[in-house]
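Read through the structure below, which is laid out as structure tokens, and then see the notes.
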Amino acid sequence: MVLCADGTLYTGWTFDLAARVEAHNLGRGARYTAGRRPVRLVFSERLPSKGDALRRELAIKRMSRQEKERLAAERIGVPLVSPGEGGL
């Protein structure tokens, strides 16, 4: 999950996390993130299969903003703060 420059969260899956985040920041990732650069990784997890990753992606996309922020904060140990609010 990445935090976009406009404060929105984008969730996706990939085989190569570093390359995917770089692609988003170069405007070659998802259309959604192309106009919302730069993006910053705020949550990731490794899953055993593509199928598991796709199911987890869907589950996260169905979460509320608050649930996504809680998920990210639990993983990185600090609250997720949107751009313009200070913090991360």
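The values are calculated or read from the model by the stated rules, or taken from the named source; none is laboratory data. Fair warning: this is a prediction, and the values are worked out from it, not measured in the lab. All Cβ positions, glycine included, derive from the backbone under ideal geometry; neighbour counts span all protein chains shown.
For the reader, a short list of remarks on this structure follows.
- Hits in region 1-45 (condition: closer than 20 Å to Arg70 by Cβ and charged (D, E, K, R)): Arg40, Glu45
- Filtered by the rule that a residue be more than 12 Å from the chain's Cα centre (by Cα), buried (at least 17 other Cβ atoms within 10 Å of the Cβ) and aliphatic (A, V, I, L, M), region 24-56 gives a lone residue, Ala53.
- Qualifying residues in region 45-73 (those that are at pLDDT 95 or above and of a type in the set (Asp, Glu)) - the one farthest from Ala5 (Cα to Cα): Asp52
- Criterion: touching a strand residue (DSSP E or B) at 6+ places or on another chain (Cβ under 7 Å) and modelled with pLDDT under 95 - qualifying residue of Val81, Val2, Val42: Val42
- Extreme residue, surrounded by the fewest Cβ atoms within 10 Å (Cβ to Cβ), among residues of region 1-23 that are farther than 21 Å from Ala59 by Cα and aliphatic (A, V, I, L, M): Ala18
- Of the residues making up region 12-24, those that are in a helix (DSSP H, G or I) and out of contact with any helix residue (DSSP H, G or I) (no Cβ under 8 Å at 6 or more places or on another chain) are Leu17, Ala18, Ala19, Arg20, Val21, Glu22, Ala23.
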